[in-house]
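Below is one structure, written out as structure tokens, with a few remarks after it.
The values are calculated or read from the model by the stated rules, or taken from the named source; none is laboratory data. Not measured: the values here are computed from a predicted model. FYI the Cβ positions are ideal-geometry reconstructions off the backbone, even for glycines, and counts take in every protein chain you see. For accessibility, only protein heavy atoms count, side chains too; no ligands or nucleic acids. Shrake-Rupley method; radii C 1.70, N 1.55, O 1.52, S 1.80 Å.
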Amino acid sequence: SNRGNCDSFLFFHLSCFLIPLKAATAPRISSKRLALNYFDMNYKTQFGSLWPSIRISLLSEQKYGVLLNNYSDVESVTRDMEVLNAKGFNFESQKASELSSGAEAPAPSPTSTAISPNIQCYTFPKGDISRFPPLGVSHMMLSLSHSLPFGEPGSSMRLSSSQPPRAFLSASALVSLAAGQVAANDISASGTKRLGGVLHSYVPKELHKAVRVTSLDGRNWGKVEKETYDKVLVDVPCTPDRQCAMEEEDNIFKRIRSQERQMLPMLQMQLLISGILAAKPGGEVVYSTCTLSQLQNEYIVERATELIENQYSIGVRVENCNHFRKLFHDTFSFSADCRLGELVLPHLTANFGPVYFCKLQRVR
């Protein structure tokens, strides 16, 4: 009958309507799980048999260290560190290097070996997972591998801190600065506010005039202040692997941030080129991330140096940073397969990082 046809037709449409509703209520995959799936797919190929160890370290508590504030009572803080059985690993590593200096090995360039005596770092020995007590303005806690590439301070320094947690990275340079002018830039207002807070907390008021904090687009800095700085730190936004694997909030693997994530390599290359343009001929540039990704690390350095040579006729030399691996092998776990720069790998006995850094020198 007509009624029967109508009933069956109505039932068919209801069935089609109900099926999508059921699918729409299925649980969504968390951003942390999306990040781990991405890491498993890419880093298993990159690191092979090392990946399971790196993965479990990423998901474990990170190890920290202490950077002394040179404008505080350093002797008192040093005594506190000794009571805690924390070691000043940078001094110990340099002493060990001096003892073995008679060994036959190619000497790195002088610009790459200088580690400022103003940088005093402490951490617990390898395998010791003790925690530091609450810290005051006399010292700050941070992932110490961030401070590795810093050398002797020059007459001017530019810092570009693009990830909010790494305001302390810029602070480490501020505290270690003996003289000269510093320009610290973060495009976000919250990051700039954090940088200003660090400045007022850790650096004497009379030195504030030597530091300029700005909130500009770092991609334009090379044009605005061309050939201005002796040293430039380009600390770029990246996929912060440990944060992505551990925290859901503000995770760059959220689906609404997928386009932002895909555009990261282009942004990183633009920032590095801008940093090189802002350096004086003969100046030094450090490129830094907190990701294991080759695409965001070595490949960015390679592509940026090629483009700046072709488009601006500017020569850039990639410094050999192997000496950092030799100096600090008792403190950090370094990748043995990093072609350019150095990569600090998370490891359960030394759970720092990941941190990648590459030091460049503009030769013309």
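Determine the per residue accessible area of the range 232-364 with all protein chains present and a 1.4 angstrom probe, expressed in square angstrom.
Numbers: 5100 Å² over 133 residues.
Ligands and nucleic acids excluded, the figure is 38 Å² per residue.
Met266 contributes about 90 Å² of solvent-accessible surface, heavy atoms of the protein only, 1.4 Å probe. For the range 189-247, what class follows from the C-alpha gyration tensor (a ≥ b ≥ c being the square roots of its eigenvalues): rounded when a/c is under 1.5, otherwise prolate if a/b is larger than b/c, else oblate? Cα axes put the range 189-247 in the oblate bin. Separation of the alpha carbons by more than 30 angstrom is noted, of Lys231/Lys326; Lys32/Lys193; Lys223/Lys326; Lys231/Lys254; Lys87/Lys359, for Lys223/Lys326; Lys231/Lys254.
For His329, His200, His347, give me the order by solvent-accessible area with a 1.4 Å probe, most accessible first, ignoring ligands, DNA and RNA. Present the calculation step by step, with values, prior to reporting the outcome.
Details: His329 100, His200 130, His347 70 Å².
Per-residue accessible area, sorted high to low, gives His200, His329, His347.
Annotation for Arg317 and Asp73: the two label points, set 7 Å from Cα along the Cα-Cβ direction, are 4.6 nm apart. Against the criterion of solvent-accessible heavy-atom surface with a 1.4 angstrom probe, Lys205, Lys231, Lys32 sort, most first, into Lys205, Lys32, Lys231. For the range 175-331, the carbon plus sulfur part of the accessible surface works out to 52%, probe radius 1.4 Å. Once a ≥ b ≥ c are taken as the square roots of the eigenvalues of the Cα gyration tensor of the range 254-354, is the result rounded (a/c under 1.5), prolate (a/b larger than b/c) or oblate (a/b not larger than b/c)? Since a/c reaches 1.5 but b/c is at least a/b, the shape of the range 254-354 is classed as oblate.
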